[in-house]
Structures are given as C-alpha cells and as structure tokens.
1. Past the 29 Å Cα-Cα mark, which pairs from LYS173/LYS241; LYS37/LYS105; LYS170/LYS473; LYS46/LYS170; LYS241/LYS299?
2. Ranking request for peptides 190-198, 466-474: highest mean number of other beta-carbon atoms within 10 Å first, then the rest in descending order.
3. Under the classification rounded if a/c is under 1.5, otherwise prolate if a/b is larger than b/c and oblate if not, where does region 42-123 fall, given a ≥ b ≥ c as square roots of the Cα gyration tensor eigenvalues?
Amino acid sequence: MTTTTNTPLRAVIYARLSDGSANTPAQVRRCRELGAKMGATVVAVKVDDDRTAMGKNGQRADRPAYDATVAMLVSGQANAVLCLHTDRLYRQSRDLEPLIDVVEKTHAMIYPVVTGPLDLSSASGRMVARMLAAVASHEVERARERMLDKKEDLRATGVNHGGPRAFGYKAVKRHAKGEAPQVPQVDQREAELIREAANAVLAHAADPETGLTLAGICRAWTTQGVNTPRGNAWTVPSLRKTLMSARLAGLVEHKGEIVGPGQWDAVLSHDVWLAVRTVLADPARRSHLSAGHDGKTVKYLGSGLYLCHCDAVIRPGGAGAGQSQLYRCSQGGHVSRTAAPIDDYVERVIIARLCREDARDAFTAPAHAVPAGASTEELNVRHAALRGRLEALAATFADDDDADPMEYRAASRKLRERIAVVEREITEAATAAAAAAEPGPLDDVDLPELVRRHAEDPEDALTWWRQTYALEKRRKILATLATVTLRRARAGRPAGFVPGSGAGYFDPESIDVRWVTA
C-alpha cells in the first residue's frame, strides 16, 4: 500500500446482512476486534440490513450504507474500511471497479477480517480482488440455480413454495429451514366472494344485461370494503389475474403452464374456473366495449373503437371546462377532433347500411359448428385420470428414497404435456359451445322499424336508434360491423360553408368507415 505506516487509521466498519449470511452484530464485533489490534479508530459503523450485493439487469444493487461508506473515503472522513469478508463489501465487478478508482485516488486501506488486507493499489492485489469477486458471483449464481431447482421440484409435487398470500386463502407462517411448507387453507369469506364474482362474470358473458363486468365487481368490492391481500383497492387487472389464477382450481401454474395439482383445496370447481378463464382469456373478447382502458364506464361511442390514421386507438379527452368533448390519438397529437359530429356521422352511416336489404345476411355470421371429438364430460374424466396419475407418481417418488430425480422429471413432464393437451381441448370445446350459444349483434335489432323510420325521416331514425338501444349495444354493433379511422381533415373550408352561421366545420371525407362482413 502507498499509505505510510505512521498515518493514523480512521476506519469505517461496513457490515451487510443477506439471507444465509452471518448476522450483522457478529460482523461488527469481529471488525472492532481487528481494528483494536491494528490501533485503528472506528469513526463510523455502516450496516445494510437485508440488502443483496447482486445487482440485476446490469445495474448496481441498492445499498445506501455501502454508498455512505465509499463517500466517507472520498471525503477523507475515513481512510480505511473494516469488513468481515470481501463478499460483504462487493460481489460483482461493477462494484469493485469503482472502489478500485476510489482507493487509487485516496490511498484508502481495505481490511477484510477473514482474508486479510486487500492491496487494491497493486496489480496483483487487484487481480486477487477480481478473482474473489468472480468466486462470490459464482456462489450466488449457483445458489440461485439450486433455489430454482428446488422450487421446480416443489411445483411438480404441488407444494406451496411461498410468495405473498393469495386472495381466497389464509396466510401461512414462514417455515424454518428444513421444515415442510404449510398448506394454505381456504378463507371461506373470500372464497364466497370469488365464487360470486365468477358467477357474475359468466352471467355477463352469456347476457350483458345480467351479471357484472370486472369493473362492476371492483366497484362492488370497494363499497363492501374488500381489499386485495396487500390492502389495496381492487382494479380490473388485479381482479382479472386473480380469477384466472390456476390456484383457485387447486392447480399449480408456472409461466402460464399448468404443471400439476396443488396440495391446497380448490375454491372453484375445475369446470367453473376453466369457463371463467376461457371468457377472460378469449382474444376475441372486446372488454373495452363496456369499460374503458382504466376500468371506468365508457360514455362515448368511439372510445377505444375508432382508430387514428397512425393505427393508434382513439380516446376521449382534452376538453376544458364548458368545452365540447374531443377525440384524441392515444399515441400523440395526430388527431384532436370534436367528438359529437363524428359520432353523429358514424351512426348515420351505420343506420343507412342496416336499412339495406342485405344487411342481416351480410353481418350475421354462420352458426358455429361444435368441433367433432370427445365431449366435455369425456375430457373432464380424462383430465381427472391424468391428474390422478401425476399425484400417484409424486407420492411414489416421495416414498422412494432411491428414486432417480431425472426419471421422475421425465415421467412427470410427459404427464403434464398430456394434461396440457386435454386442457386445450376442454377450452376449445367450452369456447365453441359459448360461441354457438351467443346471440348475434343484430338478432334482437328491429330492422323493419329502423327501415321504416329512416325512409320517413333519417333524423328521427337516429333519435329512435339511440333511445331504443343502449350505448353498450350500439358499440358492439359498431365493433362488429365496421372499422372507423379518423384521418387528417383537409385544409381550408368546404364549399358552401357560411362563416358566422353557427354551423361547425366538419369534413366527412376525413372519416373512413370500412365494413367488416361476416
């Protein structure tokens, strides 16, 4: 080291606690003992409790006490660091290299209790420090691999492997090392709420006039004082994630795949859960027809349905107090148009199209044919049999001390793949059955009356149309019949426009309506 022997040592003790390491009081005690032997004056003790030194995604780990320790070296408040081991101070080169720069500028001393003085001012000392950093990183990575392997084994046998409490289940105590994790027990009050929510979702999917949307369920739960396990108010995304969770059906899910049965009791029957999951996961489901992107009730015809010429979705907004509502591009300022004239024009175009003789044939899809194959009952029996075989395999492996883990994983993987195939077949059958039973958007529309009114007075037809059919119904018809794109209005004023007449400037050619036939 370049520091002279007669320079008084003003040491800062740094200790860090991470899972499985020595406790910080013991670290500090051993550092004080070393400092006393060296005749150093301890000027500060810096401790990072429950802080890892391994950063993620190329970033340094957040360690306030470590940053304060380095700052004391830079400011000259301390000229030495005492730590139990180098892996308490750093574990990655992204922390070591800046520390080397500080040592070279300040000639500070690094004294790990276990490994002895670390000379970062010499090439050989830096080489040793970098090797220790590589070893420390390797240890953490291997521990992470072992942890992931253990969690994978727990998932395969349906054991609860920790994590935050799931809604519908009671909290479990954190198990000590070597103890088996506790099995979560059903919370009957929350389970009943989940069942009611599932029934409401299925009822609304069958008939929008019944049941509740996810946004409606969230509002009802907020009124009842029902919060998430973390104490927050329910939102549409959090409720959707909860209702789609395989845990509610007594299953273990990992990265979107069902890997086996869990040890806990199911809150929903498998058929009900799968039906709810099918409804909420259907890519053709237009959830924004009755609720906006933030879960609030939609008040405007084109919200989330109209498109900007840049292909972004159009949302309402931008109007000040007392001003008319605007439609705006959700991705920028490409479009900002008064909403009412656009809605009026679009609905007049739709009504005119529905008054043509071929309207019902053009926009009514043929009846959905249920695909040939096993019935839902047969698929459920097959699914239950495969789950039973997977449970028996797990039990056999648990009781056989000489069982080969590789053989178990291979056998369980094959069973899980077969279960996944049956799951897809059940979902396809349920989706096909729901599609076959779902009424078309024009089935309950009184087209003869609409045609009669439109022939007599188009404005009266528009008024009757809006009074007879709710906004949600009209939005579904719009989404089924057409794609509406808002383009830039032409420069200048149209022929016949009279300034000061009170009539707004509206360019119908900037509204592109393209029909989507069945």
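1. Those over the limit are LYS170/LYS473; LYS46/LYS170.
2. The most tightly packed comes first, giving 190-198, 466-474.
3. rounded
No value in this document is a laboratory result; all are computed from the given coordinates. Please read all numbers here as calculations on a predicted model, not as lab measurements. Every residue, glycine as well, gets a Cβ built from its backbone with ideal geometry; the counts of neighbours run over all protein chains shown.
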